[in-house]
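S.K.: Take a look at this one; I'll ask things after.
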Amino acid sequence: MAKSFVPKPLSRIDLKDFDPDDTDGFDKKSARAELEKHALRLDVLQEMLYAGRKHALLVILQGMDTAGKDGAIKKVFDAVDSQGVRIASFKAPTSDELARDFLWRIHREAPPKGYIGIFNRSQYEDVLIVRVNQLIPRAIWEARYEQINAFEKLLHDSGTRVLKFFLHISKDEQKQRLQERLDDPAKHWKFALGDLDARAQWDEYMAAYGDALTRCNTEYAPWHIVPANKKWFRDLVIARSIVETLESMGLAYPKSENDLSKVVIPD
């Protein structure tokens, strides 16, 4: 049986207890072979989801800079029909977004029935960045954990399954990946000086993530703590979890409303 990377709901989570190098016994070759099988199944399940239009799936990817959010999207969803997938990336909020509640820009990107929605960062930025950088009073971001839980419960009750993945890398691995971006001119566009500021706040971010994972890990919107030092294992864990979730949704191709047995295609 595959190892579970979902902590018990609302249990106290300390990221020091999770090994970012864990591969559950897989090596690169076996992990990629397993990923290929899940990718083929994901393609079929996504088509069923799109054809049925009864459910939606929201995949949330969070992690420190260089954790691999973009890479995971490319690898996991490479074989999926893009017309049934919607990707939203959340940067610093605009003045228009700041004039509204913090979930306004998030909710409008939630996937409609039939779609897989992918959030590259998410509502959790509003209990991470704002907390670490003290952008708003503590009382405001403290209240947001329950507001996020209520929002995710609303999505679940409305037919949208929510899967959340924290891509867990070590500080040493991040240093190596940042250095690779500096060394390769083709990757300079990925490097931002602000990444170094966040790296200097590593411990503060780990504490903030620990609280978010603890307080917002529910049965209806579970967090997966994905060991992400090995990209090939990261991708397998995410793909496997998505396939298992879609399989549990009882998806099927819809039947035609017409009697097709007597239809004759004209010459």
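Here, each number is a calculation from the coordinates, and none is a lab measurement. These numbers come from a predicted model, not from an experiment. Cβ placement follows ideal geometry from the backbone for every residue including glycine, while neighbour counts extend to all protein chains displayed.
S.K.: For region 5-31, which positions are surrounded by 15 or more Cβ atoms within 10 Å (Cβ to Cβ) and part of a helix (DSSP H, G or I)?
M.R.: Leu15, Ala31 - these are the residues of region 5-31 that are surrounded by 15 or more Cβ atoms within 10 Å (Cβ to Cβ) and part of a helix (DSSP H, G or I).
S.K.: Out of region 12-36, which residues are more than 20 Å from the chain's Cα centre (by Cα) and more than 19 Å from Lys75 (Cβ to Cβ)?
M.R.: Within region 12-36, Arg12, Lys16, Asp17, Gly25 meet the criteria.
S.K.: Only residues that are polar (S, T, N, Q), under 28 Å from Thr214 (Cβ atoms) and without any contact (Cβ under 8 Å) to a residue 40 or more places away in the chain: list them for region 157-184, please.
M.R.: Ser158
S.K.: Can you find a residue in region 120-127 that is crowded, with 17+ Cβ neighbours inside 10 Å, among the aliphatic types (A, V, I, L, M) and within 15 Å of Pro93 (Cα to Cα)?
M.R.: Within region 120-127, one or more residues are crowded, with 17+ Cβ neighbours inside 10 Å, among the aliphatic types (A, V, I, L, M) and within 15 Å of Pro93 (Cα to Cα).
S.K.: Can I ask one more? Among the residues of region 84-104, count how many are out of contact with any strand residue (DSSP E or B) (no Cβ under 9 Å at 6 or more places or on another chain) and surrounded by 10 or more Cβ atoms within 10 Å (Cβ to Cβ).
M.R.: 8
S.K.: Say whether the condition of being surrounded by 15 or more Cβ atoms within 10 Å (Cβ to Cβ), under 26 Å from Glu36 (Cα atoms) and of a type outside the set (A, V, I, L, M) is met by at least one residue in region 207-220.
M.R.: No - not one qualifying residue is present in region 207-220.
S.K.: Also, quick follow-up: From the residues in region 82-134 that are in a loop (DSSP other than H, G, I, E, B) and of a type in the set (Ser, Thr, Tyr), which one is farthest from Gly194 (Cα to Cα)?
M.R.: Taking the candidates together, the pick is Tyr115.
S.K.: Out of Ala110, Ala198, which single residue is small (Gly, Ala, Ser), buried (at least 16 other Cβ atoms within 10 Å of the Cβ) and in contact (Cβ under 8 Å) with a residue 60 or more places away in the chain?
M.R.: Selected residue: Ala198, the only one of Ala110, Ala198 that is small (Gly, Ala, Ser), buried (at least 16 other Cβ atoms within 10 Å of the Cβ) and in contact (Cβ under 8 Å) with a residue 60 or more places away in the chain.
S.K.: Next up: Suppose we keep only residues that are over 18 Å from Leu163 (Cβ atoms) and polar (S, T, N, Q) within region 60-117. Which one would you say is farthest from the chain's Cα centre (by Cα)?
M.R.: Ser95
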